[in-house]
Amino acid sequence: MKQIIQSIKTGETRLEEIPVPTVKSGHVLIKTTRSLISSGTERMLVEFGKASLIAKARQQPDKVKIVLNKIKSEGLLPTLENVFRKLDQPIPLGYCNVGKVIRVGDGVRDFKIGDRVASNGPHAEIVCVPENLVSHIPDNVTNDEACFTVIGSIGLQGIRLCNPSFGETIVVIGLGLIGLITAELLIANGCRIIGIDIDEKKIKIAKEKGILPIQLHQKENPVEEVLSRTKGIGADAVIITASSKSDSIIRQAAQMSRKRGRIILVGVVGLNISRADFYEKELTFQVSCSYGPGRYDENYEIKGIDYPLPYVRWTEKRNFETVLKTISTGQLNVKPLITEIVPFFEFDKIYSNINNKSSIASILIYSPESISETRSEVPVSQTRYQPSKGIAGIIGAGNYTQMTLLPTLKQTNLFLKTIVSAGGLSATLMAKKYGISTAGSDYMELLKDPEIDIVFITTRHNLHASMVKDALHAKKHVFVEKPLALNMDELNQTIQVYNDLAPSYNLVLTVGYNRRFSPHSQKIKSLIGDNSAEINIVATMNAGYIPPNVWIHDMKIGGGRIIGEACHFIDLLIFLTGSKVSKVIMNALGENPPENADNASILLKFENGANGIINYFSNGSKAYSKERIELYSYNKTLILDNFITTRGYGYSNFRKLKTKLDKGHLTQFKCLADRFIKGGLPLIPFDEIINSTKASFAAVESFKKQEWVSVDSI
């Protein structure tokens, strides 16, 4: 199947051949018949992509600060490499999709195969969309009209925040697609609408819809016009749907408002607000968020947990349904807004002319011919290879795969045959970049490939244990990017499968605990030697803040930051002490539940008597080193700073080791490739992997109980 994507680096828009997405639980698979190109929104993305690197930086000053802090803590070269890899990753375009349901995921209640639906799916022949972002299309609404569902809900949400009352005068600044829809919906609410725009074509459409238009000219003052048409009172409310970098729009909106008026920002404008304008009139100002309540809430959008209607009357899905109903009843007429209808494969006719600001809405029409709905893999690279040991498949195409795994694996002697992601697009893009033969969307197809003998699993944490078991059952060597499991049930099942299959088939299972392979960790280990019993280690992770709604905090999906991330340092301390953890106690700031325990200190007692403390903090400065190890033993001290510098104190033969940032990824993967191909002992003993996993569970358990927890009791 084909999908339209755009390069962030160059602004190029192209058609990409990708695998058909895998239908997920709570999602529906939709075969597209129409999709709408919103000229304003997509023009901004294209213009951003075509901008120079400096211009991009000027548009995103907050991200520039992040980059500068990262340079201070990790160095210039690693930071720039990460920035350029991010820029190399294209993005899908489109969010106004119409089609028919061709597959239904587990747990979906309201849809069946054959239903005609509107969704926020991208410009692609087949899309996979969560149930709460899909709505049924009334029989009397055409596919062309239904394309306006999602874009219309953006305007509708702005109206809901405005809370108009019958008879009010409301100004809509910017009569593009969203502006015209907003104005017409306000008319249906019994409001008197003044519309402002510079384009003559849009002004003409506005007049036909009963909007009182003000066409801007270079010397015309829209404030005076609005005050004149409201007898000097000013507008009851102003809804801004324009896109501009200028601060003049927000200033004019304040000046044309009546005392105690409301201003709602739906578009994107400069926000250098004059306090005097807002203070003297006691104006209220609010920014509207996309389609409505539920947007960007993973519980609502991905997990399908609806907000109860008596408490949240209008969610984004209910806004979708309302727009469709107003089209069905004739209260919203979107047909005059259609500038052109173009075949999907001629999409470039629209994008090459996207700077034409007279264009309002362009519709892509998809071929009715059948698409191969079962094709979950597509060939990407023509790289030739001879079937042998060391042929790898990758499950997961997220940030870790893009930023760390693939750049490092390309420096080993493994052959990368297949990469899989649920949506198919990210896998295809990475396959192209790194010369991987095949991209797919169904990981079970990868596991069926008899040539692949090594599987790398880099998905979200809740999928690790089940995918590891599936890969072992398929007689594959397995690398899984921590953690191995999220709870004891998953861990016990994984241990059982490993013990049943690994010895018989000489399978290797390892977890991505790379820190122990860093030259700094190796140097410290060599200096400690066998004197590892009487040592104290303090490991500090300046981990950085992650918003509470991000999946890593969800105990069922990410395991929380202790199980999901601090396990790295538990393993490192096991390696340095040469001993397993016997018991654990953890304390954290406040009385947070375990999933929010990301400012915590973990005290570990080791079987050989060694003592360890892991400080996992999220409230430190990003400019400070991210990771630091202090080791005290026999009147000697070793300090590891961010895997760049290690200093020794009290050693006659060692003072300092300095490298570029090296957390051990390359060494780990080179050694792992050697084990996969030639055989040998595991890189990390399996009992140590089990111990570090259990120790992370024990830390969370001790936080709940506020007492020491034995690892063996978990």
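Read-outs: derived from the displayed coordinates by stated rules, not from any lab. As the structure is a computational prediction, the values presented were derived from the model and not from experiment. So basically every Cβ, Gly included, is an ideal-geometry build from the backbone, and we count neighbours across all protein chains shown.
Across the range 533-542, rounded Karplus estimates of 3J(HN,Hα) from the backbone phi angles (6.51 cos²θ - 1.76 cosθ + 1.60, θ = phi - 60°) give 6, 9, 10, 10, 10, 10, 10, 10, 10, 7 Hz, Gly and Pro being marked x.
Any idea what the dipole of the range 321-373 comes to, in debye rounded to 20, about its Cα centre with Lys/Arg Cβ at +1 and Asp/Glu Cβ at -1?
Numbers: 4 positive and 6 negative charges, 73 e Å.
For the range 321-373, the charge dipole is close to 360 debye.
Projecting the Cα atoms of LEU447, ALA253, ALA237 onto the dipole axis of the chain, where Lys and Arg carry +1 and Asp and Glu carry -1 at the beta carbon, places ALA253 farthest toward the positive end. Amide H contacts of GLY267 (H built 1.01 Å from N, in plane; Pro and chain starts excluded): ILE240, THR241, ALA242 sit under 5 Å, all sequence-distant by 5 or more or on other chains. Counting only C-alpha contacts under 8 Å and six or more residues apart, can you give the relative contact order of the chain as a whole percent? Rounded, it is 11 percent for the chain.
By definition, a body whose alpha carbon gyration tensor gives a ≥ b ≥ c is rounded when a/c is under 1.5, and the range 515-713 falls into this rounded group. Taking Cα atoms only, the orientation of helix 316-329 departs from the longest principal axis of the chain by about 30 degrees. Tell me, what is the FRET efficiency for LYS9 and SER713 to the nearest 0.05, using R0 = 45 angstrom and their Cβ-Cβ distance as r? The formula returns an efficiency of 0.30 here. Under the rule a/c < 1.5 gives rounded, and otherwise a/b versus b/c splits prolate from oblate, where does the range 297-348 land using the Cα gyration tensor? It is oblate, given that a/c is not under 1.5 and a/b is not larger than b/c. Between the range 657-699 and the range 110-166, the C-alpha centres lie 48 angstrom from each other. Counted residue by residue at 0.36 nm each, then reduced by the alpha carbon distance between them, the extension gain from LYS112 to GLU280 reaches 54.9 nm. Taking the average, over residues, of other Cβ atoms within 10 Å as the packing measure, peptides 632-645, 160-173 rank 160-173, 632-645 from highest down.
For the listed residue pairs LYS417/LYS678; LYS202/LYS245; LYS626/LYS658; LYS100/LYS448; LYS303/LYS556; LYS9/LYS349, the alpha carbons are over 23 angstrom apart in LYS100/LYS448.
Listed by chain and number, the aspartates and glutamates whose alpha-carbon sits under 16 Å from that of LYS410, ignoring those within fewer than 8 places in the same chain, are GLU81, ASP674. Return the lysines within reach of LYS656: Cα separation strictly under 16 angstrom, same-chain partners fewer than 8 residues apart disregarded; answer none if there are no such residues. Answer for LYS656, where 16 Å is the Cα cut-off: LYS523, LYS525, LYS636, listed by chain and number. When the charge dipole of the chain is built from unit charges on Cβ atoms (+1 for Lys and Arg, -1 for Asp and Glu) and taken about the Cα centre, the candidate among GLY121, SER290, ILE196 whose Cα reaches farthest toward its positive end is ILE196. Between THR659 and GLU630, the FRET efficiency estimated from the beta carbon spacing at R0 = 22 angstrom works out to 0.70. In this Cβ point-charge picture (+1 for Lys and Arg, -1 for Asp and Glu), the chain has a dipole of about 1640 debye about its Cα centre. Placing a label point 7 Å from the Cα of LYS100 along the Cα-to-Cβ direction, the residues of the range 107-127 with a backbone N closer than 16 Å are 112-118, 125-127.
When only alpha carbons are used to place a centre, the range 204-270 and the range 598-629 end up 55 Å from one another.
Contour minus end-to-end for SER601 and VAL342, with contour as 0.36 nm per residue of separation and end-to-end as the Cα-Cα distance? All intermediate terms of the calculation are to be shown ahead of the outcome.
Values: separation 259, 0.36 × 259 = 93.24 nm, distance 5.95 nm.
Residue separation times 0.36 nm, minus the Cα-Cα distance, leaves 87.3 nm.
Rounded to 0.05, the FRET efficiency of the LYS704 and SER248 pair, given R0 = 51 Å and the Cβ-Cβ distance, is 0.35. With the simple model of a label 7 Å out from the Cα in the direction of the Cβ, ASN492 to TYR296 spans 4.2 nm. Each of GLN331, GLY679, SER532 was placed along the dipole of the chain (beta-carbon charges, centred on the mean Cα), and the one lying farthest toward the positive end is SER532.
Candidate cross-link partners of LYS583 among the lysines, defined by an alpha-carbon separation under 18 Å and a same-chain spacing of 8 or more, comprise LYS605, LYS694, LYS704, LYS705. Couplings 3J(HN,Hα) for the range 92-101, derived from phi with the Karplus relation 6.51 cos²θ - 1.76 cosθ + 1.60 (θ = phi - 60°), are x, 10, x, 7, 10, 10, 10, x, 10, 5 Hz, where x marks Gly and Pro.
Amide H to amide H distances under 5 Å link VAL104 with LEU29, where only residues 5 or more positions off or on other chains count and H is placed in the peptide plane.
Among PHE654, PHE347, the ranking by other beta carbons within 10 Å of each residue's beta carbon, starting with the fewest, stands as PHE654, PHE347.
Summary of packing: across the peptides 484-494, 395-405, 220-230, the per-residue average of other C-beta atoms within 10 Å ranks them, highest first, as 395-405, 484-494, 220-230. In order along the range 121-136, the Karplus-derived 3J(HN,Hα) couplings, from 6.51 cos²θ - 1.76 cosθ + 1.60 at θ = phi - 60°, round to x, x, 6, 8, 5, 9, 10, 10, 10, x, 4, 6, 10, 10, 9, 5 Hz, and Gly and Pro are given as x.
The structure shown yields semi-axes √(5λ) of the Cα gyration tensor in Å, and of the options (1) 47, 38, 22; (2) 43, 35, 26; (3) 52, 30, 23 that calculated value carries the label (3). Less than 5 angstrom separates the built amide H of ILE341 from those of ILE363, all sequence-distant by 5 or more or on a different chain.
Can you pull out the GluC sites (Glu not before Pro) in the range 660-708 whose DSSP state is coil and whose Cβ has at most 16 other Cβ atoms within 10 Å? The partial results should precede the final answer.
Working: sites: GLU688, GLU701, GLU707; in loops: GLU707.
Those satisfying the criteria are GLU707.
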